[in-house]
Amino acid sequence: MTGRGDERSAGEKRWRRRSMLLLVILLPLVAAVTARDSIERWWNGRDRIVREIAAGDQVDFGGARWQLHALRMAPLPAGGNIPDNAMGVVADFRVQIQDADLPGNWRGCTIALQDGQGRRWMPTHVLPLPRTDASECISAIYSGAKAGATLRIRQAFLVPREAAAALRVTVSLARQQPHYLRFAQHPRLVQ
Amino acid sequence: MKRRLATLLLLAAAAAVLFAMQRSTPRYDELTGPLLVSGRMGQPVRTRLFDANVERVQFARQLVYERFDRQTVRTTSGLWAIVTVELSARSRSMHVGRASWVGPQGFQYLLSDRLALAPGQSPPAIEPGLPRRARYFFEIRPDQVDGAVLWLSEHVGPRLDSEAHIKLDVLPRAADGALDVMDTFDMNAAIKEQP
Amino acid sequence: MRIAFGKIKTRLATGIGSTVAVGAAAVYSVFGAGPPPSVTQYTAGNAIEAGRWLVTPQRAWVSRQRVYGVTLRPGQQALVLEADLSNRTQASTGVYSDLLRPATMPGITLEDPVVAQVRDPKTAPLLHPGMPERVIYVWMIPASATPPASFTVDVVGETFKPVDNLFGTPGWFNPAVVGQVTLPFGQPPAGAEQGS
């Protein structure tokens, strides 16, 4: 009886050790499988993969052909909503629509300025710009433009003067993430 | 007998430890709640997205502002507390969506909604590299002045995001140590002198 | 080993639970079948504790003009109730539309009230902890309807639960009528109505 008991307990001990080892492997595996969907969505929902666009080039992105027509900057005097040391930057795009489904393709359209350290500037509404037929990206979604039309997209930014010369424009669309565009052109000082 | 006693004692100790663990487990809203960053007036408090430096606190019995040549007076049953904060964004443009005056017993006084048409009361976003001065107006009870804390965050009720808790320890005092309360605070004049 | 229970004791032990349940149900139905408990009656000037708010109704009147900044559309009149509200919660809040519920009046259907502050021409003001403020509740009714002589309003209060059952967060739940206020329709105070 004692002999058989020893054998059984030795077998038990071996299997217990194996099970503990397997647990260490299985638990992270189960966590990974359950969380795979959310991790994928998070990983692909950020601006990670950049497409660099040289100055003057056109690029097909989100069902349209984008071209950075002009990127101008001018120092602004402080006052009202404009803080000290501010530079106003205006980005002008000419976009030729190929796929007219703008609400789908251009959902989450974000045009921002980025510097070398990863700081981002979002568009501002405090600059009193002259009214032209250019519109912002979000308003252009509901403009009802058809395929073949060329839209003018204009966004204004407020940036510090010392960082303005090294900025680049990025364009990001929700459907195209993690890919996003970065135009190599730096702002040109006007007046 | 001794073994039974020892087992019983061990069981009682285990029960006590489990009970203490159950009672001290933080609740869901604490576990997923704001990450606090504490600071005091006069020093920049660094959170994930913005730095805040509370410059001064003022008190007034009524506010006055002028818009389109019409003067409006705002009275209150308590005191108006005016907090001037210098804000700078760290990595991207953002808005400070929530500012509240929290008294010593934990009463949260949110920003007054009676000043929607006053000058300077819907500030634009803070851009990285361009610090901006914001003025927050609260209506508070006079007994909530000492030991108050200012809470600042990007969203209302931040979930796993920073919330700055800044002690408002430098209050305007008169020569005899009592609180210095202005009769009228002119909002237009304040903007002209310190935008 | 001794048998734990005799046969009779076993039957009792197994049946005790169901006996208690049936007995309790019988007692509830006997006591619940009586008339509903009466609601506490209040008049103007009584402070009523109603969950988030301490309400002190002041007066009521019928208005046909702009009252404290609340404009009426043509063809409407307003039932106005003026009350002092004091916030009993920990943070500034604007949840007071369900606080006062007028009793049903024949021929009149009521919408949600518009609440305005007496101090400013501001609707839906944010009220701060421990700072009582005078507000008016305005219920719009068609101008052709005839309001009764007095205004009966139920005061609805909720109870505070520091830990709720779903998320473990604090909140106010279970609205219940804590009292009833009856005010005669009188005259508005001076300066309330500002001619459309």
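The values are calculated or read from the model by the stated rules, or taken from the named source; none is laboratory data. In this text, all values refer to a predicted model and were calculated from it rather than measured experimentally. Using ideal geometry, Cβ is built from the backbone for each residue, glycine included, and neighbour counts are taken over all protein chains shown.
For this structure, a couple of remarks:
- Of the residues making up segment C:155-165, those that are surrounded by fewer than 17 Cβ atoms within 10 Å (Cβ to Cβ) and either in contact with a Cys (Cβ under 7 Å, 6 or more places away or on another chain) or of a type outside the set (A, V, I, L, M) (or both) are C:THR159, C:PHE160, C:LYS161, C:PRO162, C:ASP164, C:ASN165.
- Annotation: B:TYR109 fulfils all but one of (1) closer than 30 Å to C:THR93 by Cβ; (2) at pLDDT below 95; the unmet one is (2).
- Filter result (closer than 18 Å to A:THR170 by Cβ and away from chain B (no Cβ under 14 Å)) within segment A:111-140: A:GLU136, A:CYS137, A:ILE138, A:ALA140
- Here is the figure for segment A:29-77: residues that are of a type in the set (Gly, Ala, Ser) and surrounded by 11 or more Cβ atoms within 10 Å (Cβ to Cβ) total 8.
- Restricting segment B:126-172 to residues that are assigned to a loop (DSSP other than H, G, I, E, B) and among the acidic types (Asp, Glu), the residue that is farthest from the other protein chains (Cβ to nearest Cβ): B:ASP169
- Screening C:ASP164 against (1) more than 14 Å from chain B (Cβ to nearest Cβ); (2) over 27 Å from B:PHE138 (Cα atoms); (3) acidic (Asp, Glu) leaves a single unmet condition, (1).
- Within segment A:90-105, considering residues that are over 18 Å from A:TYR142 (Cβ atoms) and touching a residue at least 60 places away in the same chain (Cβ under 8 Å), the one surrounded by the fewest Cβ atoms within 10 Å (Cβ to Cβ): A:ASP92
- Some residue of segment A:120-131 being of a type in the set (D, E, K, R) and over 23 Å from A:PRO77 (Cα atoms): no
Residues are listed down the side, and each one gets a yes or a no for (1) surrounded by fewer than 13 Cβ atoms within 10 Å (Cβ to Cβ); (2) farther than 20 Å from C:GLY51 by Cβ:
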residue	(1), (2)
C:VAL115	no, no
C:ASP120	no, yes
C:ARG134	no, no
C:ALA149	yes, yes
C:PHE167	yes, no
C:VAL177	no, no
C:VAL181	no, no
C:GLY186	no, yes
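- Matching residues, segment B:96-125, being of a type outside the set (A, V, I, L, M, F, W, C), part of a strand (DSSP E or B) and facing chain C (nearest Cβ under 9 Å): B:SER100, B:GLN108, B:TYR109
- Extreme residue, nearest to B:LEU115 (Cα to Cα), among residues of segment B:173-185 that are in a strand (DSSP E or B) and out of contact with any helix residue (DSSP H, G or I) (no Cβ under 9 Å at 6 or more places or on another chain): B:PHE185
- Restricting C:PRO125, C:PRO142 to those that are touching a Gly at 6+ places or on another chain (Cβ under 9 Å), surrounded by 15 or more Cβ atoms within 10 Å (Cβ to Cβ) and closer than 30 Å to C:PRO74 by Cβ reduces the list to C:PRO125.
- Filtered residue count, segment B:76-100, keeping only those that are more than 26 Å from B:ARG141 (Cα to Cα) and under 12 Å from the mean Cα position of the chain (by Cα): 0
- Of note, A:GLY108 satisfies the criterion of being within 30 Å of B:LEU87 (Cβ to Cβ), more than 14 Å from chain B (Cβ to nearest Cβ) and surrounded by fewer than 16 Cβ atoms within 10 Å (Cβ to Cβ).
- Taking the conditions (1) in contact (Cβ under 8 Å) with a residue 40 or more places away in the chain; (2) more than 16 Å from A:ALA74 (Cβ to Cβ); (3) surrounded by fewer than 19 Cβ atoms within 10 Å (Cβ to Cβ) in turn, A:SER135 satisfies each one other than (1).
- Matching residues in segment C:91-126 - criterion: being more than 8 Å from every other protein chain (Cβ to nearest Cβ), among the small types (Gly, Ala, Ser) and farther than 20 Å from C:ILE48 by Cβ: C:GLY107, C:ALA116, C:ALA124
- Filtered residues of segment C:127-148 (kept if hydrophobic (A, V, I, L, M, F, W, C) and within 12 Å of another protein chain (Cβ to nearest Cβ)): C:LEU127, C:MET131
- Residue count for segment B:16-54 under the criterion of being within 14 Å of chain C (Cβ to nearest Cβ) and crowded, with 18+ Cβ neighbours inside 10 Å: the result is 1.
- Pick from segment A:147-186, criterion in a strand (DSSP E or B), over 13 Å from the mean Cα position of the chain (by Cα) and more than 14 Å from chain B (Cβ to nearest Cβ), ranking: farthest from A:ALA100 (Cα to Cα): A:ARG168
- Of the residues making up segment A:57-85, those that are in a loop (DSSP other than H, G, I, E, B), away from every other protein chain (no Cβ under 14 Å) and either at pLDDT 90 or above or touching a strand residue (DSSP E or B) at 6+ places or on another chain (Cβ under 8 Å) (or both) are A:ASP57, A:PHE61, A:GLY63.
- Flag for A:LEU127 being in a strand (DSSP E or B), under 30 Å from B:ALA189 (Cβ atoms) and among the aliphatic types (A, V, I, L, M): no
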